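Structure first, then comments.
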Amino acid sequence: MADALIPMPHEDFAPLSRQTLAPRAQRPSLSYWQDAWIRLRRNRQAWASLWILFALLLFTVAGPWLWTLDPSEQTLSRVSEPPSWHKEALVLPPPAPYREELRSGWPEAPATAVDPQTLAAPANFAFIEAPSIQGVRLRWDPVPGASGYLVYRVPERQPADSSALGIPVGEIQGGNHVSFEDTFNLKAGTYWYSVVARNGDESPRFSGLRAELVDGIPLESARQESASAQPGQRVRLQSHPLGTDSLGRDLLARLIRGARVSLFIGLLAPFLAGALGILVGGLAGYHGGRVDQLLMRFTDFVMALPFLLFMILIQVACGMEAGDSGIPVMLLALVALSWTSMARLVRGQVLQLRQADYVQAARLLGARPMTLLLRHLLPNTLGVVLVSLTFAIPQAIFTEAFLSFIGLGVVPPTPSWGSLCNDGIQTFLTSPHEFVFPALLISLTVLAFNLLGDGLRDALDPRLRSHP
Amino acid sequence: MSQEPPQLNGMKATDITSFFVLGHTQEGLTRIDANGKPSPGVARSWELSDHGAVFHLRNEARWSDGQPITARDFVYAWRTVLQPRTASSFAFLLFPVRNAQAISEGKLDASKLGVSAPDDHTLKVEFERPCAYFLGLTSAAITYPIREDIHRRFGDKYGADANQMIFSGPFLLSSWIHGASLKMTRNPHYWNRAAIRLDAIEVPAITPDTNAKFNFFKDRKVDLIDTLGRDDLLKATQQGYKLRPFADGSVLFLAFNFRAGRATRNLNLRKALAAVFDPSEYVQRVVTIPGTQPGLGLVPRWMQGHRARFRDEHRLEPRRPDFAAAKRYLEAARRELGGRIPPLTWLTGDTAQGAREAEYFQQAFRRHLGITLHIDKQIFKQRLAKMNQGRFDIASSVWGPDYNDPLTFVELATAWNAANRGQYRNAEVDQKVRAAQVTADPARRLELLAQAEAIALDELAFLPTHERTVMWMTQPWLKNVIRHPIGPDPDLTQASIVSTGGRGP
């Protein structure tokens, strides 16, 4: 129909001239993220958590500059000390050599059999010299019929009867040996010493003595802190605001050092795993069909792998030797096994979004698959991803703590919160601070991340938008 | 119980856990009694001379399947132990028997061993050399009888499981769940069954966790804890439990590795490491079990010498740290090792205390010498394997006496002792110990042993760290538990449960 040509004048194809629309009254537009931020700030728990996490980051990053003690330096004269600040101690002179007291002319063992129940309590139980934390020297009078003695000590409480004498610190063979020096792990405070005669079994009668030990520091150790220390002086000791552990290491320094390991794993592992998960999930969701089937069945397979076993297998496969840190392996195992939930999540989202009108439109406009995925699909899954990430972080921190707790993680002397807990639990009843502080930090961090995750989920939920 | 026995073949056992189980389920010619002296076991009586010994076996001794225990079972066991392919670490204990060493070196056939059974109930032993302590050996795990038919049936698997062995002792192993629990019940065929008052010995949990053990005790699930952790002591006394100290006779030491390619072969390096070690600080602040003695020599303080204690007759100076000297040794070592000292590997057990001790040394070496120490924590079986294969630089080790003579400790430094895991070799030490073995004069003999010990210590074949004391406790109703340094420990063969209104067995 050549005669029915519609005329198409050239002007019709000229661009429109720019024109300014009349100003309209409108409040400033709020983007999705701005709105989410406002709602997050309104959530008190989440906001507090964010501050806690910020403080934690500061603790980890700035801590080593503010608290410069070496986390593996041992001060054996101050093991398992509770928190202290600016403590002072008396410098003690080097102790005179101890000589055991032997009662000459007294038999080592009685000539005839003696019923231990009838043995008397040793008389004149006394200190040889003033007791100090360098040593408590005791003496007593020999007991007729004894073939040896036992010296007990108990902190604080006076023993009521012979079953509550405490720890047997000295076992003395021979009825004529009538002195003892106790040097075992003495600390400032009150101790009750008791001595019991024995012959085979112990006598039920005992003599008791109270020792009041003031905080002191051996001259040698004092010289390490200040070179000019003299016996009799009082010196200010290194402060340990969170106390020391069972080898006299500063707990605060160890917690700061341990935070580095815990947060390194805790942040890096979820991010790497998240990236992997997004990639797999995005591909599966976008392509669908065979690719989706294949990738998702593989995801199911990885999900079924037991983590601990896999972790140990990787350690073996990497040829881990003694002294190799378990951290890289732990990271590898965590990333290799924990991307699956993210992949599922992203796949679901992408499958759903793929059908959305704006995606269809972009496709019709000829957008390439990569553009579609990166420009339209993934950014719209970001909300879910972010929430899932915030929940994955505490989980990773917890896993690290758990693995270090059972000895698969960091190698000594590097501390991590988990290994600190493991060290601390041994002495939990006698010096609880060694366990409480690392456990508190783990709990606080995990709680903060979880609350933040909750807050984020609410904030990023489009159905709860404050300004429709 | 802290550790799983690697296996329960008496010929191959080397550890106290195995000795504990074997000591209750097997019996040798003699048993160690409550005073640490040999008392009649399968043998009812014996005659000893400088040239040999004759043991008269009891007619009523029975295996756990009811068959009689005969002298042939001993002959078979001893011959098998000494064969090179058995590769028993403790074969050297039998070297006083004629031709034993030659057999273990593969030079002679096992049938040439100086032991014979003229009849079912007589065992004749010929000596290679006079052996004053031979009677003490006849209660050791290595000398237990072995039934030929059973041993042949299971071969290498003999002793690997409760149903792959047979028992000659007061108890039989009725169940063994590997890594978890053990149960020994009274052996109905044991000759002295009337004297055994316990129906069964149960080990409900095998764990190195001292906390867990303590809780078992508190819940009355166990009646005895043979070793309390240092952190449990105060807890135990607060609960009103009565603690008892027991010096178990063991010496703990660091074994250095002398195999080719190991930095620890270097004497100056060993001297530098030893010079930063303070035994008394270590004992008081790191070990912290009262009664523990700082390490001195290979032979511990309690061991009897000729007239007095061996250590009093052959004195050693206590070791003191000397950081200036350590620096000098380190410099020398660095020159000899080509400028750089590689990181060292420290092999230890998987207990909290083992880790703490390792970390103490790790820091001491790092701070004073700048040497890195890698800590290798292994479960018992694995640690033993690594020690035997020489996969360590320093192994934290323990040695308990096998018999009551300083030789049991000094022999650690000899070339023929498989427990010399670092493979320290010194011809002079070997020669002096050999000379001591054939010396009849006790004073001279001990003098030779002391000289051998001094050489090994000067060369730092080992670095003794401490002489152990353990704290233990029983429930009030468990009586007559025997603890002794030599023989199965703890010894429950005479134990009984008395009624106190509490829980029974």
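The local environment of A:S341, defined by Cβ-Cβ distances under 13 Å, has a net charge of +1 under the rule Lys, Arg +1 and Asp, Glu -1.
For n ≥ 4 DSSP H runs only, could you compute -39500 (n - 2.57) per run for chain A, divide by its residues and tell me the 222 nm figure to the nearest 500?
Roughly -14500 deg cm²/dmol at 222 nm, from the helical runs in chain A.
Pairs of Cα atoms nearer than 8 Å and 6+ residues apart set the relative contact order; for chain A it is 19 percent.
In chain B, the DSSP-assigned H stretches of four residues or longer account for a calculated mean residue ellipticity at 222 nm of -8000 deg cm²/dmol, using -39500 (n - 2.57) per stretch and the full residue count as denominator.
Among the residues of B:285-292, the average count of other protein chain beta-carbon atoms within 10 Å of the residue beta-carbon is 6. Across B:K381, B:K213, B:K183, the residue with the most accessible area heads the list, and the full order at a 1.4 Å probe is B:K381, B:K183, B:K213.
A simple spin-label model places pseudo-atoms 7 Å from Cα toward Cβ; at B:Q389 and A:F307 they are separated by 3.0 nm. Backbone amide hydrogens, once placed in the peptide plane, bring B:V203 within less than 5 Å of B:L182, B:K183, B:M184, excluding anything fewer than 5 places away on its chain.
What is the calculated FRET efficiency for A:F127 to B:D312, with r their C-beta to C-beta distance and R₀ = 22 Å, to the nearest 0.05? It comes out at approximately 0.20.
Computed on the stretch A:116-217, with alpha-carbon pairs under 8 angstrom and 6+ residues apart, the relative contact order is 36 percent. Taking 0.36 nm per residue of separation and subtracting the Cα-Cα distance, full extension of the segment from B:S39 to B:A200 would add 55.7 nm.
Counted over the stretch B:168-315 with a bin width of 5 Å, the fraction of Cα pairs per bin, in whole percents, is 2, 7, 11, 11, 12, 13, 14, 13, 9, 5, 2, 0.
Each residue of the stretch B:215-225 was assigned a 3J(HN,Hα) from its phi angle through the Karplus expression (A = 6.51, B = -1.76, C = 1.60, θ = phi - 60°), giving 5, 4, 5, 4, 7, 6, 7, 10, 9, 8, 10 Hz with x at Gly and Pro. When nucleic acids and ligands are ignored and a 1.4 Å probe is applied, A:H86 ends up with an accessible area of around 90 Å². Near B:L172, the amide H atoms lying under 5 Å from its own belong to B:T185, B:R186, B:N187; only residues 5 or more places off or on other chains count, and H is placed 1.01 Å from N. When GluC sites (Glu not before Pro) are flagged only if DSSP places them in a loop and at most 16 other Cβ atoms lie within 10 Å, the longest unflagged stretch of chain B comes out as B:106-505. For the stretch B:248-468, the Kirkwood hydrodynamic radius from C-alpha pairs, put into Stokes-Einstein at 10 °C and a viscosity of 1.306 mPa s, yields a diffusion coefficient of 89 µm² per second. Remark: relative contact order (the stretch A:119-169) = 30 percent; criterion is Cα-Cα distance under 8 angstrom and separation of 6 or more residues.
On a 0 to 90° scale, report how tilted helix A:417-426 is relative to the longest principal axis of chain A, with both axes built from alpha carbons and the result rounded to the nearest 10. For helix A:417-426, the angle is close to 30 degrees. A 1.4 Å probe, protein heavy atoms only, puts the accessible area of B:D393 near 10 Å². Qualifying GluC sites (Glu not before Pro) in the stretch A:82-178, where qualification requires a DSSP coil assignment and no more than 10 other C-beta atoms within 10 Å, comprise A:E156.
Quick one: Debye curve from the alpha-carbon atoms of chain B only, equal weights, vacuum; give me log10 I(q)/I(0) at q = 0.06, 0.13 Å⁻¹ to two decimals. Reported log10 I(q)/I(0), two decimals: -0.28, -1.35. Taking label positions 7 Å along the Cα-Cβ direction at both A:V214 and A:A317, the computed distance is 6.4 nm, reported to one decimal.
For the protein assembly as shown, what is the percent of antiparallel DSSP beta bridges, rounded to the nearest 5?
90 percent
May I ask you to list the residues of the stretch B:349-380 whose amide nitrogen lies under 19 Å from a point 7 Å from Cα along the Cα→beta-carbon direction of B:K327? Residues B:364-372 fall inside that zone. Students often get this wrong: which residues of the stretch A:65-107 have the backbone nitrogen under 14 Å from the point 7 angstrom along Cα-to-C-beta of A:R260? It comes to A:65-73, nothing else. Annotation: Cα Rg of the stretch A:116-217 relative to the compact-globule expectation 2.2 N^0.38 Å equals 1.01.
Chain B packed on chain A takes about 3400 Å² of accessible surface away from a 1.4 Å probe, both sides summed.
Full extension of the segment from A:R44 to A:Y32, taken as 0.36 nm per residue of separation minus the current Cα-Cα distance, would add 2.3 nm.
Let's test the formula: R0 of 60 Å, r as the Cβ-Cβ distance of A:A356 and B:Q382. What FRET efficiency results, to the nearest 0.05? It comes to 0.55. In the context of the full protein assembly, A:C421 retains an accessible surface of approximately 10 Å², using a probe radius of 1.4 Å and ignoring ligands and nucleic acids. Each Lys or Arg adds one and each Asp or Glu takes one away; over the other residues whose Cβ falls under 13 Å from the Cβ of A:M296, this sums to +2. Using the Cβ-Cβ distance between A:Q19 and A:L267 with R0 set to 56 Å, the FRET efficiency works out to roughly 0.65. A 1.4 Å probe run over the protein chains yields, for the stretch A:116-217, 37 Å² of accessible area per residue, whole-number rounding. Assuming 0.890 mPa s and 25 °C, estimate D for the protein assembly as shown with Stokes-Einstein, Rh taken as the Kirkwood radius over Cα pairs, in µm²/s. Taking Rh from Cα pairs, D becomes 75 µm²/s.
The values are calculated or read from the model by the stated rules, or taken from the named source; none is laboratory data. Just so you know, these numbers come straight off a predicted model, no measurement behind them. Reconstructed Cβ throughout: ideal geometry from the backbone, glycine too, with neighbour counts over all protein chains shown. Surface areas here come from the heavy atoms of the whole protein model, side chains and all, with no ligands, DNA or RNA. Shrake-Rupley method; radii C 1.70, N 1.55, O 1.52, S 1.80 Å.
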